[in-house]
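Data first, discussion second: the structure below is written as C-alpha cells.
The values are calculated or read from the model by the stated rules, or taken from the named source; none is laboratory data. Note that the structure is a prediction, hence the values are computed from the model and not measured. Note: ideal-geometry Cβ built from the backbone for every residue, glycine included; neighbour counts use all protein chains shown.
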Amino acid sequence: MQLSIPKGFFMGAAMSGPQTEGAYKKDHRLESFWDTWSDLSISDFYNKVGSYVGNNFYEKYEEDIKLFKSLHLDSFRTSIQWTRLMDQNQKLNPEGAAFYHKVCACAKDNGIELFMNLYHFDMPAYLYARGGWENREVVEAYATYARTAFREFGKEIRYWFTFNEPIVEPDQEYRSGNWYPFIKDERRGLQVQYHIALAHSLAVREFHKAKEEGYLLDDAQIGLINAFAPPYTKENPTPEDLEALRMTDGIHNRWWLDLCTSGTLPKDVFDTLKEYHAAPEVRPGDEEILKCGRVDWLGFNYYQPTRVQAPKEKLDESGYPRFADPYIWPERRMNVYRGWEIYPKGIYDFGMKMKREYPEMKFFISENGMGVEHEDRFRNEDGEIQDDYRIEFVRDHLEWVFKAIEEGAQCVGYHYWGVIDNWSWSNAFKNRYGFIEVDLMNNYERRLKKSARWIKDLIEQRDNGED
C-alpha cells in the first residue's frame, strides 16, 4: 500500500529532557528521582548506565534540530526538566532557563514547531524525599513550576503539555513495584494518580491565567499526553472478564479522558474503589480544581495493546483489589527485543473510541516506535543500520492512523519516538528506537539509519504534493 500523508497532518519527533539532555550537574541542575536511584543502585540499570548520560542533547541540540529539518520533520516534542528550570527554593534557575531559550530559538530558526511538555517522570529528588506525588505540597510545587514556565517561555512556545503518561508512575512505582522504591500498594498508587490529576488541573488553570494576563501566544494550546492503550479481553468473555475490562479502561484511560474533556473523574470507577476501600482521599475544593482540567487536545502514546482477563485472585498480598490479570492473545505478534506485542490496529481502535465517546477532542500520535536490541547486527558494509523492521512497524501503524482519519477520527499528527536513540530509564540504551543512531563510544556521534531516509522520502512526497 502506498502511504499518503493527509493534508494538514504534521509529522515530527518525540523525545524528553531526562532521556536526552545529559549534563546532569551542569548549570545548577538539581538531583532528580532518577539520579537518586542511579546513585543508590547502579546495578539496577542495564550495563550500569544510569540517569546521567542522555544522548548529550544539551550540547548537541543545534545539530539535532538541524537533523530534524534535514528529514523534513515539521515539529518535535521534548520536555523542560523541573530539576533544570527551578532551584530548591522553587525559584527560576536562570542558567537552566537560558538553555531552553536557546532550544526555542534554534527550533524557530529552523522552521520547526516546538511542543513542550512539563513533566516526564523526573521528580526533583528533594521533593521526592518529601513524599513525591503522595504529598499535596508537591502538587502545589508543580503548579508553581508550571506557572513559572508559562510566564518565562510563553511567547516562544505555542503547544504545551502538562504530563507525559501520568499513569506510568502510579503503575511502575506503586502497583507493579518495578521502579524504585519498589512499592506494591494499590491504594497508595491510586492516591498518587489522583494527586497527579489535581496537579494537571492546577497547571491548566495556571495556563489560562497566564493567557489572560498576556504571557502566552494568542493561539497557545494546552494538552496532556498519555498511553491510552485500548484494552482487549477474550473473544468470548465472561462477565468477570468484562468487569476487568471496565476497570482497566476506567483507571488507565477514562480517568484521564474524562478529566481532560469534562473536568471530572469517572464515577463508576470511584464507586468500585469505594467498595474495596481503595478510593483516594478527596478534600473539599478538589471538585472545583478538577473542573479546570479540560484541555485543548490530547497526545496518544501507542506501542502495544493492553489485554486483560478476570483476575485469579480478587485481592493482592496487601488486601487491595486486583482488577485484572494479563491475557495472552493466541495470535499475538511480538517485538521479542522489548517484550511488547505489535498490534497496529490498536491505534485505529483508539481513534474510533475517540470518535464515539469524545467526538469533540482532537488528538495526535505523540509516541510510537520500535525498540530493538543489538542493532549492530543489521549494519551493512557502508556502516548504515538496515532497520527494515522499523520501517515496516511505522508504515503499518500509519496505515491504520490514516484509515481512522478517513473514518472520522480527529487525529492531526504523528510524532515518532525517539527519533534519535536515547537513554530509556532502567533499560538505558538496551533497546534502540531511533531513525538516527547514537554512537556512545564516539562522542555521541549521530548517524542516519535506513529508516531515516525512508521517513524523509515519505514526508517529501507530502511536501511535493505527490500522492
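Within segment 372-465, considering only strands (runs of 3 or more DSSP E) that don't extend past its boundaries, which have at least 1 residues that are over 24 Å from residue 9 (Cα atoms) and acidic (Asp, Glu)? Spell out how you get there, then give the answer.
Working: elements: 411-417, 436-439, 445-448.
In segment 372-465, 436-439, 445-448 are the strands (runs of 3 or more DSSP E) which contain 1 or more residues that are over 24 Å from residue 9 (Cα atoms) and acidic (Asp, Glu).
Can you tell me which residues in segment 259-276 are buried (at least 21 other Cβ atoms within 10 Å of the Cβ) and assigned to a helix (DSSP H, G or I)?
Of everything in segment 259-276, those that are buried (at least 21 other Cβ atoms within 10 Å of the Cβ) and assigned to a helix (DSSP H, G or I) turn out to be 259, 260, 273.
I need the full set of residues from segment 127-153 which are part of a helix (DSSP H, G or I), out of contact with any Leu (no Cβ under 7 Å at 6 or more places or on another chain) and either among the aliphatic types (A, V, I, L, M) or more than 19 Å from residue 211 (Cβ to Cβ) (or both), in order please.
If the condition is that a residue be part of a helix (DSSP H, G or I), out of contact with any Leu (no Cβ under 7 Å at 6 or more places or on another chain) and either among the aliphatic types (A, V, I, L, M) or more than 19 Å from residue 211 (Cβ to Cβ) (or both), then 127, 128, 132, 133, 134, 136, 137, 140 are the ones that fit.
Of the residues in segment 257-290, how many are among the hydroxyl-bearing types (Ser, Thr, Tyr) and over 25 Å from residue 363 (Cα atoms)? Walk me through it before giving the result.
Taking segment 257-290 as the starting set, the residues that turn out to be among the hydroxyl-bearing types (Ser, Thr, Tyr) are 261-262, 264, 272, 276.
This time we only want the ones that are over 25 Å from residue 363 (Cα atoms), so: 272, 276.
Residues flagged as among the hydroxyl-bearing types (Ser, Thr, Tyr) and over 25 Å from residue 363 (Cα atoms) within segment 257-290 amount to 2.
If I go through segment 70-125 residue by residue, how many of them are among the polar types (S, T, N, Q), surrounded by fewer than 23 Cβ atoms within 10 Å (Cβ to Cβ) and touching a Gly at 6+ places or on another chain (Cβ under 9 Å)?
Filtering segment 70-125 for residues among the polar types (S, T, N, Q) gives 70, 75, 78-79, 81, 83, 88-90, 93, 110, 117.
Subset that is surrounded by fewer than 23 Cβ atoms within 10 Å (Cβ to Cβ): 70, 75, 88-90, 93, 110.
Now restrict to residues that are touching a Gly at 6+ places or on another chain (Cβ under 9 Å): 75.
Matching residues across segment 70-125 total 1.
I'm checking my understanding of the structure. Among residues of segment 187-236 that are of a type outside the set (D, E, K, R) and free of Cβ contacts under 8 Å to residues at least 60 places away in the same chain, which one is surrounded by the most Cβ atoms within 10 Å (Cβ to Cβ)?
Let us first name the residues in segment 187-236 that are of a type outside the set (D, E, K, R), namely 189-204, 207-208, 210, 214-217, 220-233, 236.
Next, only the ones that are free of Cβ contacts under 8 Å to residues at least 60 places away in the same chain stay: 189, 214, 236.
On the way: 189: 27, 214: 9, 236: 6.
Restricting to residues being of a type outside the set (D, E, K, R) and free of Cβ contacts under 8 Å to residues at least 60 places away in the same chain, the top hit is 189.
Which ones in segment 307-366 are among the acidic types (Asp, Glu) and not in a loop (DSSP other than H, G, I, E, B)?
325, 341, 349, 357
Residues 421, 382: which one is closer than 30 Å to residue 59 by Cβ and free of Cβ contacts under 8 Å to residues at least 40 places away in the same chain?
Values: 421 fails: free of Cβ contacts under 8 Å to residues at least 40 places away in the same chain.
382 is the lone residue from the list that is closer than 30 Å to residue 59 by Cβ and free of Cβ contacts under 8 Å to residues at least 40 places away in the same chain.
Mind checking which residues of segment 415-435 are farther than 22 Å from residue 225 by Cβ and among the hydrophobic types (A, V, I, L, M, F, W, C)?
428, 429
Condition (residue is modelled with pLDDT of 95 or more and within 30 Å of residue 438 (Cβ to Cβ)) applied to segment 279-299: is it met by at least one residue?
So far as segment 279-299 goes, yes, one or more of its residues are modelled with pLDDT of 95 or more and within 30 Å of residue 438 (Cβ to Cβ).
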